[in-house]
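The values are calculated or read from the model by the stated rules, or taken from the named source; none is laboratory data. For clarity, every value in this text was computed on a predicted model and none was experimentally measured. Neighbour counts run over all protein chains shown; Cβ positions are idealised from the backbone, glycine included.
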Amino acid sequence: MAQFVKLNPEAVKELRKINPAMISYNVEMTEVTGGTFWKAYTPEQIAGTQEVPPPDFSKGLASMHQWYDPIDTTNPRLIKLAKALGPVWVRVSGTWATKTYYDFDDTGVVPEGYQNRLTKQQWINLLDFVKAVGGKLIVSVANCEGLHKASEPWNPSQAELLFALSKEHGVPIDAVEFTNEPNMMEGTGFPKGYTPADFRRDQDLFHKWVRENYPDIIVVGPSTCDADALRGDKDESGGAGIADILTSCTTGELMDGCTEKLDVFRYHYYNGVSERMAAMCPEMFTPASEATSEAYLGMAGMCARAFAPYRDKYCPGGEMWVTESGDAGAGGHTWASTYLEVQRELNEFGDFATVTNGVIFHNTLASSDYGYLKHGTFEPRPSYFAALLWNQLMGDTVYDSGEAIREGAHVYAHSRADGKEGVAYLVINNSKTDITTVELPKNAVRYTLNGNGNMRSPVMYLNGMPLALGENDEIPAMEGEAVMAGTVEVAPGECTFFVL
């Protein structure tokens, strides 16, 4: 059904202020050290003309992974594009981090019980990257068989190396999380036989150690992807999705009884699993034909609303951070690097901001198909330019747009990022067939994003112009076009910002 939207900037009501670093990102520990990560799709799979073969079930996740060398965090293009995103948090974590040995003496040895090693130079390069982009750093630490047995308490012998080097180098750690996705227990690399009680003991030890030795650091937790948190919304979401296969224990089991309080509550969110894992978990997979559906686009806001009571319980009054976010677990869908992903991403920004104040860590900056930038070459993808344009236009004050969310009319309103009086709107037309008509009460500037007739286009267009790097990696000027007061149209599949 065709929709009609009336923008009324004089009548908007303020909902909240949001963190200026709301759009942030992950640099996975495996990107820093080199290691295995999700296999890249072929160009034909990205275009939707070739199916993704099912994994070798006998090999489990290993059949979906490949080896990647460390990314070059000193690369000028990477630094330039990352810096353009503005103030950000840089998260270095992931399952890989739980089993990483800090080999700062450069022995070349990975002790038994660890999986991989981080060299001193790799970490210094990462610190220099964070400094160059003007970011703040959040990390998790090792908690594996190499550090201690399940029956033994966690100890800071490894963590102190990381924290001390960071401080000495002039880029101190700004926030910490104990581990990545502790609800997976041994699946995330914890010692054999590890229990929720062991986690509560060790998280308290870690947080107490941080507060005693680095009192300015923000303590964040617990980083769960908890099926029980989502099950109450089953009728809306179709189920708990990827959380079902990740949950060995619940958020409550990890947090109830902890004595060290959190400064920030965090969780993870994905819209189910990608094609890589679809054969293993078909009920958690969404095909490309449903990538703009109400159920799919609504998942991010549903998760935020589902986890908000946990934040209120374990971190009352605190921010809520999504420390991993993306279109699908297991490296992203085949369309993650195309324009088709942009509607989900922009809708996540808009919907999340109406629910809470916090930070969304896009997974990842430059690895796998859901990365903002292509691994190795650091070529920007449509999702990168979408995030860049959001930051350029949408300010930190969130308003009630006055329009109910519905197919064809996902409307979000913010203050203007340029600080001028007025309102910046985002109108997402997720209908496949119907035009959405927008009434403008006064002259405006319009920024229309689309795939130039191809939803799976690897290039996104702004007002008809392709977005791509220019000579010397110049970021294209993302300029709007003036439109007169009256009615304008947003075509099916388009995302349009209006600045009034």
Of the residues in the stretch 51-72, those that are polar (S, T, N, Q), under 25 Å from the mean Cα position of the chain (by Cα) and in a helix (DSSP H, G or I) come to Ser63
Search result, residues across the stretch 371-405 that are buried (at least 24 other Cβ atoms within 10 Å of the Cβ), among the hydroxyl-bearing types (Ser, Thr, Tyr) and within 25 Å of Arg311 (Cβ to Cβ)
Ser401
Result of the Cβ filter at 9 Å on the stretch 197-221, keeping first residues that are not assigned by TED's automatic domain parsing to the domain that holds Val322 and partners that are modelled with pLDDT of 95 or more and not in a strand (DSSP E or B), at least 6 apart or interchain, is none
Could you please give the count of residues in the stretch 5-49 that are under 30 Å from Met455 (Cβ atoms) and of a type in the set (Val, Ile, Thr)?
7
Considering every residue within the stretch 406-418, establish whether at least one is crowded, with 24+ Cβ neighbours inside 10 Å and touching a His at 6+ places or on another chain (Cβ under 7 Å).
no
It is to be established whether one or more residues within the stretch 85-92 are in contact with a Gly (Cβ under 7 Å, 6 or more places away or on another chain) and among the charged types (D, E, K, R).
no
Checked against (1) without any contact (Cβ under 8 Å) to a residue 60 or more places away in the chain; (2) outside any loop (DSSP other than H, G, I, E, B); (3) more than 30 Å from Lys136 (Cβ to Cβ), Ile79 satisfies every condition except (3)
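Yes/no per residue for (1) of a type in the set (S, T, N, Q); (2) within 15 Å of the chain's Cα centre (by Cα):
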site	(1), (2)
Tyr372	no, yes
Phe378	no, no
Leu389	no, no
Leu393	no, no
Thr397	yes, no
Ser401	yes, no
Ile405	no, no
His410	no, no
Ser415	yes, no
Please count how many residues of the stretch 263-305 are surrounded by 23 or more Cβ atoms within 10 Å (Cβ to Cβ) and under 16 Å from the mean Cα position of the chain (by Cα).
15
Where Phe307 falls short, out of the listed (1) touching a Pro at 6+ places or on another chain (Cβ under 9 Å); (2) at pLDDT below 95; (3) of a type in the set (Phe, Trp, Tyr):
(1)
Do you know which residues across the stretch 431-486 are loosely packed, with under 15 Cβ neighbours inside 10 Å, closer than 21 Å to Met394 by Cα and of a type in the set (D, E, K, R)?
Glu439, Lys442, Glu479, Glu481
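Only one of these is within 22 Å of Lys136 (Cα to Cα), in the same structural domain as Ala84 (by TED's automatic domain parsing), within 17 Å of the chain's Cα centre (by Cα) and not in a helix (DSSP H, G or I): Ala353, Ala366. Name it. Talk me through it step by step, then tell me what you get.
Details: Ala353 fails: not in a helix (DSSP H, G or I).
Of the residues listed, the single one that is within 22 Å of Lys136 (Cα to Cα), in the same structural domain as Ala84 (by TED's automatic domain parsing), within 17 Å of the chain's Cα centre (by Cα) and not in a helix (DSSP H, G or I) is Ala366.
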Only one of (1) surrounded by fewer than 21 Cβ atoms within 10 Å (Cβ to Cβ); (2) of a type outside the set (Ser, Thr, Tyr); (3) at pLDDT 95 or above; (4) out of contact with any helix residue (DSSP H, G or I) (no Cβ under 7 Å at 6 or more places or on another chain) fails for Lys192. Which number is that?
(4)
For the stretch 61-117, which positions are closer than 30 Å to Asp473 by Cα, at pLDDT 95 or above and of a type in the set (D, E, K, R)?
Asp72, Arg77, Lys80, Lys83, Arg91
Test Ala308 against the criterion of being surrounded by fewer than 21 Cβ atoms within 10 Å (Cβ to Cβ), assigned by TED's automatic domain parsing to the domain that holds Asn347, hydrophobic (A, V, I, L, M, F, W, C) and more than 23 Å from Ser431 (Cα to Cα), and give yes or no.
yes
Which pairs turn up if I take residues in the stretch 156-172 that are without any contact (Cβ under 8 Å) to a residue 60 or more places away in the chain and look for partners that are aromatic (Phe, Trp, Tyr) with beta carbon separation below 6 Å, at least 6 apart in sequence or on another chain?
Pro156/Trp209; Gln158/Tyr102; Leu161/Tyr102; Leu161/Phe104
Within the stretch 93-114, how many residues turn out to be under 10 Å from Gln158 (Cβ atoms), of a type in the set (Val, Ile, Thr) and in a loop (DSSP other than H, G, I, E, B)?
0
How many of the residues making up the stretch 462-492 are in a loop (DSSP other than H, G, I, E, B) and either farther than 13 Å from Pro380 by Cα or of a type in the set (Gly, Ala, Ser) (or both)?
12
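So that you can scan it fast, the table gives a plain yes or no per residue for (1) surrounded by 18 or more Cβ atoms within 10 Å (Cβ to Cβ); (2) among the aromatic types (Phe, Trp, Tyr); (3) more than 30 Å from Tyr412 (Cα to Cα):
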{"residue": "Glu10", "(1), (2), (3)": "no, no, no"}
{"residue": "Val32", "(1), (2), (3)": "yes, no, yes"}
{"residue": "Gly35", "(1), (2), (3)": "yes, no, yes"}
{"residue": "Ile46", "(1), (2), (3)": "yes, no, no"}
{"residue": "Gln50", "(1), (2), (3)": "no, no, yes"}
{"residue": "Leu61", "(1), (2), (3)": "no, no, yes"}
{"residue": "Leu81", "(1), (2), (3)": "yes, no, no"}
